[in-house]
Structures are given as C-alpha cells and as structure tokens.
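Working notes for the structure below.
The values are calculated or read from the model by the stated rules, or taken from the named source; none is laboratory data. This one's a predicted model, so the numbers in the text were calculated from it and none came from an experiment. Note: ideal-geometry Cβ built from the backbone for every residue, glycine included; neighbour counts use all protein chains shown. When the accessible area is computed, the model is the full protein with side chains, heavy atoms only, and any ligands, DNA or RNA have been set aside. Shrake-Rupley method; radii C 1.70, N 1.55, O 1.52, S 1.80 Å.
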Amino acid sequence: MLRRVLLAASASERVRHLITTAPVTRDVVKRFVAGQSAADALAVTKRLIADGRLVTLDYLGEDTTEPDHATAVASEYVTVLGMLEGAGLTAGGRAEVSVKPTAVGLGLPEHGEKTAAENIARICAVAKDAGTTVTVDMEDHTRIEATLRLVSQLREDYPDLGCVVQSYLRRTPGDCQALAMAGSRVRLCKGAYRAPDGVALAARSEVDRNYARCLRILMDGPGYPMLATHDPRIIAIASSLAASTKRAPDSFEYQLLYGIRTDEQRRLADEGSQVRVYVPYGSDWYGYFMRRLAERPANLRFFLRALASRH
Ligand SMILES: Cc1cc2nc3c(=O)[nH]c(=O)nc-3n(C[C@H](O)[C@H](O)[C@H](O)COP(=O)(O)OP(=O)(O)OC[C@H]3O[C@@H](n4cnc5c(N)ncnc54)[C@H](O)[C@@H]3O)c2cc1C
C-alpha cells in the first residue's frame, strides 16, 4: 500500500520539488548514489573492485524527451567507459554499465525505438572494445516488449548484452524460458515499478514465489543468471540451487545495489561468489531515490528521521 502511494506520489511535480529542495535530502541520497560526476563513479568503482566486488555503473536519468539529450546520455556512457578502461577496470567485465532504454530515447515521440537501439549499440561497441559488457535495465511494464525487441536485435552483434526480467510480472517465467539460452546474461529482479493487477502479481509473497520459480528456470538453463536481490531468503535458495545444480561460482553472479546490505555483499564475495554492485551516479537521482524509498519502509523511516532531526 505504502509502496503504491509513494510510487504514485513520485510522479507529482509538487512532491518532486519538496523532496529535491529539502536540505537534508542530499545527505540521504549520498547513501544510495556514488556522486554527481563520472570521477565520483570511478572512485567508488575502484574501491569496490579493490574490495573484491564487481560493478555495473548506471548514469542516472530516465524518460528523456529530447533526441539530443538521449545522445548526450550515450556520450556520458562512452566517456565513463573510457575512464574505466583507462583505470584498468573493464578487463574481464569487472566494471560494466547498465543503461535505461528511456534514458537513451525509447520514449521519444518519434523513432524512439530506433534511437534507443542506435544509442545502446554505440555504448555496446565501446564496451566491447574495452573488454566489458552492457546490461539493459527493465523499466515499467509498458516498455517491456520494445525493450526485449531491442535486446534481441542488438544481441545479433553483441551476444553478451544483458537484459532484465522482473518477477512481479505474471509473464516473467515465460520470458525466462525464452531467455535461458547459452551465453544469455539475464538479470532477475523483483521489479521496482507499478503495474495493473492483471499484469502484475499483487502480493509480495506471490512475487517472491515467482522469483524462486524464475530462479530455477535460469539456474537450470545454460545461460548466465544475474540474481539481483537483497532478500536473504532468496539468496539462500540461490546458494543451495547453485550447489545442487553444481554451478561453478563464475557461471552466475549476485547483484546488489550500492549502499544496501554492504555486509552481505562482502560475505558473499568472501565465500567465493561473484557479487556485482549496481552503482548509480549523476544529478538526476529523483526517480531512483523514490523507488528505493518506496520498496522499503526502513529506507523511508531513515529519510523521515533525517528530515525531522533538521527541524
Ligand atoms: C543490482 C540490481 C539491479 C536492479 N535492476 C532493476 C531493473 O532493471 N528494473 C527494475 O524494475 N528493478 C531493478 N532492481 C530493483 C528490484 O526490482 C527491487 O525493486 C529491489 O531490488 C528490491 O527488491 P529485493 O529483491 O531487494 O527485495 P525486497 O522485497 O525489497 O526486500 C526483501 C528483503 O531484503 C532485505 N532488504 C531489502 N532492502 C534492504 C535494505 N535496504 N537493508 C537491509 N535489508 C534489506 C530485507 O530482509 C527485506 O525483507 C534492481 C535491483 C538490484 C539489486
């Protein structure tokens, strides 16, 4: 309920103004976001990799409405990939990038899909030269078909292009079956958006069960599963599945968000699992931040406590 209210409120301009101008917000945002610049992102990436983790960098922003802006977002990815390569962090895919299709043009009123495909292809070409990969984030349910089409088309040239499926959607076990093929990098998450009841599962328990079902499909298949969750029960199921299916530790990875369950990230890495941290950076943090507040009451309490302590 709270999640629905917060996700709906996040679309309001008044709420956006209130949150983005509150003096305390920046302090709280720092917990989840690496910083404003590519240099900030690079510094965090270096630290995480030195500490035994892998990284996927996300340049914050979504729902781009101007073609030039979509091109500028792609250019930012090109720049940051160059910086990562220069620092020796891209070899073997240790640091890669995650791209939101609407940030690079998918939602443009004209030629959105073509523009997004061209921009992602440009990023993929630079990533490939740098020895690393790209993952295409999944956004709200109205973007799924176009995003899967994009990925399938781009995989002809860049077979290691990663994609994302969300267990809050009823369709996702079918998508997992279709995507569980050799070499296919698939990130499985619960989903951070809202969707109508016929499309999405309503209860958290159903979303979790669907996650476990999708997890089995991906772990039983020949692809490369990327298990994006902080949920201790799901991580435990994944570990035991990996053991029972005799999956080599380098044939799948756990993924967690920057600033969330850092101890668990270390524990998994210390026991020999691959752990990739999703590190967002940039100034357009509002949508990302609101989704983090919406998915966990403790995050919201932390924010409200910080707000109260300033008054
Ligand atoms: C690497 C990564 C990439 C993602 N990419 C996408 C994407 O492309 N598209 C998309 O829609 N969504 C994406 N998400 C977000 C995802 O869909 C969920 O919204 C988000 O991960 C919360 O779900 P959860 O699996 O952590 O479980 P939740 O149901 O939120 O939490 C389950 C349990 O995890 C633990 N937990 C969760 N958060 C915390 C915390 N802050 N501190 C301590 N314990 C905590 C608690 O025990 C909690 O009960 C991504 C998430 C990750 C980790």
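Once each part is reduced to its C-alpha centroid, what is the distance from the range 61-95 to the range 1-29 in angstrom?
Cα centroid of the range 61-95 versus Cα centroid of the range 1-29: 27 Å apart.
Would you mind checking which residues have amide H under 5 Å from GLU96's amide H? H placed 1.01 Å from N; only 5 or more apart, or other chain.
VAL55, THR56, LEU57
How large is the accessible surface per residue of the chain, computed with a 1.4 Å probe and reported in Å² as a whole number?
The answer is 45 Å² per residue.
Mind ranking 288-300, 49-61, 201-213 by how tightly packed they are, going by the mean number of other C-beta atoms within 10 angstrom, highest first?
Put in order of decreasing packing, that is 49-61, 288-300, 201-213.
Would you kindly find the accessible area of LEU227, with a 1.4 Å probe and non-protein molecules such as ligands, DNA and RNA excluded, rounding to the nearest 10 Å²?
0
I need the shape label for the chain. Rule: rounded when a/c is under 1.5, else prolate if a/b > b/c, else oblate, with a, b, c from the alpha carbon gyration tensor.
Taking the square roots of the gyration eigenvalues as a ≥ b ≥ c, the chain is rounded.
Among bridges DSSP assigns within the chain, what percent are antiparallel (round to 5)?
Bridges in the chain are about 5 percent antiparallel.
Quote the relative contact order of the chain in percent (integer), defining contacts as alpha-carbon pairs under 8 Å separated by 6+ residues.
In percent, rounded to a whole number, it is 23.
What percent of all Cα-Cα pairs in the range 235-311 falls into each 5 Å bin, going from 0 up to the bin containing the maximum distance?
3, 12, 18, 18, 16, 13, 10, 6, 3, 1, 0
For each pair in LYS46/LYS114; LYS100/LYS246; LYS100/LYS128; LYS46/LYS100; LYS128/LYS246, compute the distance between the two Cα atoms and list the pairs where it is over 26 Å.
Over 26 Å apart, Cα to Cα: LYS46/LYS114; LYS100/LYS246; LYS128/LYS246.
Dipole of the chain, Cα-centred, from +1 at each Lys and Arg C-beta and -1 at each Asp and Glu C-beta, to the nearest 20 debye?
Values: 41 positive and 37 negative charges, 273 e Å.
In debye, rounded to 20, the chain gives about 1320.
Treating only the Cβ atoms of Lys and Arg (+1) and Asp and Glu (-1) as charged, compute the dipole magnitude of the range 212-292 about its Cα centre; round to the nearest 20 debye.
220
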